[in-house]
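Laboratory data are not the source of any read-out in this text; all were calculated from the coordinates shown. What you are looking at is a predicted structure, and each value in this text was computed from that prediction instead of being measured. Reconstructed Cβ throughout: ideal geometry from the backbone, glycine too, with neighbour counts over all protein chains shown.
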Amino acid sequence: MDKIRIRGGRPLRGKIPISGAKNAALPLLAASLLSDETLVLRNLPHLADIATMTHLLAQHGAEISMAGEHPGGGHMGHVLKLRAREITSTEAPYDIVRKMRASVLVLGPLLARCGRARVSLPGGCAIGTRPVDMHIRGLEALGAEIELDDGYIIAEAPHGLQGGVVVFPRVSVGATENLLMAASLAKGEVVLENAAREPEVGDLANCLNRMGARIEGIDGDTLRIQGVDRLGAADYAVLPDRIEAATYAIAAAITGGEVELIGAQTETMEAVLAALGEANVNVQRTECGIRVGVDAGAKGGVRGIDVTTAPYPGFPTDLQAQIMALMSVADGAAMITETIFENRFQHVPELMRMGADIAVKSATAVVRGSGGPGGGGLHGAPVMATDLRASVSLVLAGLASAGETMVNRVYHLDRGYERLEEKLSACGADIVRLTE
């Protein structure tokens, strides 16, 4: 099993290209099941989760082929052609779905196009229950008949999905995406209220419209979808990954360096950039993206701040572990409150192994910073990744630590960060992947 070795204390300096967003790419891939024509997706990241989704789509009968690379992309910017000319199977089996929770996103497209679906209950990172109840209740509101049997969601809509109003009891990105895809082929108007506003949801809606869907209210919390009889071909580029961009912004800050994030979009990162600014991190928009850096000698460098995760446009739960790593080397105390997932502090014991001063009570972590980036207070240690974002927080802490850090179970990282070691090494980090 691969490990990542980091020898910390080196400020990052240089440029980091930002890949396409994994959290946008996965529902876009699932959307290919809605049409019998070709969907071309550009700027796809090369990640384990993308491979899992394409494997699942192939199992449903989709024809998938590489169509080159995005100009200047190297390993980045993969282009795929997907055509689900005929759905040969409406079952999403446990052996595939257990690897990734986002696999449940095929439920809506299969049900809408074929009138039936049998989808395993999802697996993935152990950061909370993340139930599929809102997916199920929403589809039932559109006329589907659904039951759970032996760990599978059995859904039928033999006469097609009907128009209706779905009011989500709480914001759910996955449920919004599943219902958005299903509603595109429904008979009549579907209204989704309290819908997720994440940029990745908007990316999906824009792509569906490119395929011929009729969706209004994009980027708002009420989506109106006029169902159409069929969707057609489209050519669409995945938006840049705001979580990856923010992770590397924090990497620059935690090492006391400066990097330019090529392709990053400030408009999708406002809450994060505001938090970094409050923490005394310099953020500047450039022609190519965003420049982020820290003047370690100015007013004590990074300052401790309070952060509470929230649905977009609030501070993302997917960056909670990373900001906690940064606060571990900040000047002063910080309070981090997690409101989205109940088990998302599993990185805390591992950060504490590296010398972080963190106390958790219920959904809040109090972090007493060590006083500055670049090795102040943290020390290298062998640590274990527990989920995708937790794993990268350990890498960040390793970059700021004195000595050597060994991160185990890095397959979590490969689910969400493309060429992480290569991108960090190009900016001066001493980081290498070791294969046993």
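With θ set to phi - 60°, apply the Karplus curve 6.51 cos²θ - 1.76 cosθ + 1.60 along the stretch 287-294 and write out the HN-Hα couplings as whole Hz, x wherever there is a Gly or Pro.
In residue order, the calculated couplings are 5, 9, x, 9, 9, 10, x, 9 Hz.
Taking just the C-alpha trace of the stretch 123-220, give me its Rg and Dmax in Å.
Using the Cα atoms of the stretch 123-220, the pair Rg, Dmax is 13.6, 38 Å.
Quick one: angle between helix 48-59 and the longest Cα principal axis of the chain, in degrees between 0 and 90, rounded to 10, please.
10
Can you give the alpha-carbon Rg of the stretch 294-436 over 2.2 N^0.38 Å, where N counts its residues? Let's see the in-between values first.
Numbers: Rg = 14.5 Å, N = 143, 2.2 N^0.38 = 14.5 Å.
Rounded to two decimals, the normalised Rg is 1.00.
How big is the chain by the Kirkwood estimate over distinct Cα pairs, in Å? Display every interim value, and only then the final one.
On the way: mean 1/r = 0.0454 Å⁻¹.
So the Kirkwood estimate lands at 22.0 Å.
Can you list the GluC sites (Glu not before Pro) in the stretch 286-373 that are in a DSSP coil and have 13 or fewer other beta carbons within 10 angstrom?
On the way: sites: Glu287, Glu338, Glu342, Glu350; in loops: Glu287, Glu338, Glu342.
Hits after loop and neighbour filter: Glu287, Glu342.
Per-residue counts of other Cβ atoms within 10 Å, averaged by peptide: what ranking do you get for 275-286, 179-190, highest first? Each step should come with its number before you reach the end.
Details: 275-286: 17.2, 179-190: 24.3.
Going by the mean number of other Cβ atoms within 10 Å, highest first, we get 179-190, 275-286.
With θ set to phi - 60° and the Karplus curve 6.51 cos²θ - 1.76 cosθ + 1.60, what are the ³J(HN,Hα) couplings of the stretch 307-321 in order, to the nearest whole Hz, using x for Gly and Pro?
Whole-Hz 3J(HN,Hα) from phi for the stretch 307-321: 9, 10, 6, 7, x, 4, x, x, 6, x, 4, 6, 10, 5, 5.
Give the shape of the stretch 8-104 as rounded, prolate or oblate, defined through the alpha-carbon gyration tensor: a ≥ b ≥ c are the square roots of its eigenvalues, a/c under 1.5 means rounded, and otherwise the shape is prolate if a/b is larger than b/c and oblate if not.
oblate
Per the Cauchy relation, a quarter of the hull surface: what is the mean projected area of the convex hull of the alpha carbons in the stretch 152-271, in nm²?
Numbers: hull surface 39.5 nm².
Computing the convex hull of the Cα atoms and averaging its projections yields 9.9 nm².
In whole percent, what relative contact order does the chain give with Cα contacts below 8 Å and a gap of six or more residues? Walk me through the numbers on the way to the answer.
Numbers: 1154 pairs, mean separation 90.2, N = 436.
Once normalised by length, the contact order is 21 percent.
For the stretch 202-217, what does the Karplus curve 6.51 cos²θ - 1.76 cosθ + 1.60, with θ = phi - 60°, yield as ³J(HN,Hα) per residue in whole Hz, taken in order and with x for Gly and Pro?
Running phi through 6.51 cos²θ - 1.76 cosθ + 1.60 with θ = phi - 60° gives x, 4, 4, 4, 5, 5, 4, 4, 4, 7, x, 6, 10, 10, 10, x Hz.
How large is the helix-only mean residue ellipticity at 222 nm for the chain, computed as the sum of -39500 (n - 2.57) over DSSP H runs with n ≥ 4, divided by its residue count, in deg cm²/dmol to the nearest 500? Intermediate results must be reported in sequence, preceding the final value.
Values: 14 runs with 124 residues, N = 436.
The helix contribution divided over the chain gives -8000 deg cm²/dmol.
Which number do you get for Rg(Cα) / (2.2 N^0.38 Å) in the stretch 22-234?
0.93
Can you tell me the dipole magnitude for the chain around its Cα centre, using point charges on the Cβ only (Lys, Arg +1; Asp, Glu -1), in Debye to the nearest 20? If you can, show how the numbers build up before the last one.
On the way: 41 positive and 51 negative charges, 144 e Å.
Dipole magnitude for the chain comes out near 680 debye.
Starting from 0 in steps of 10 Å, tell me what percent of the Cα-Cα pairs of the stretch 281-367 lands in each bin.
16, 44, 31, 9, 0
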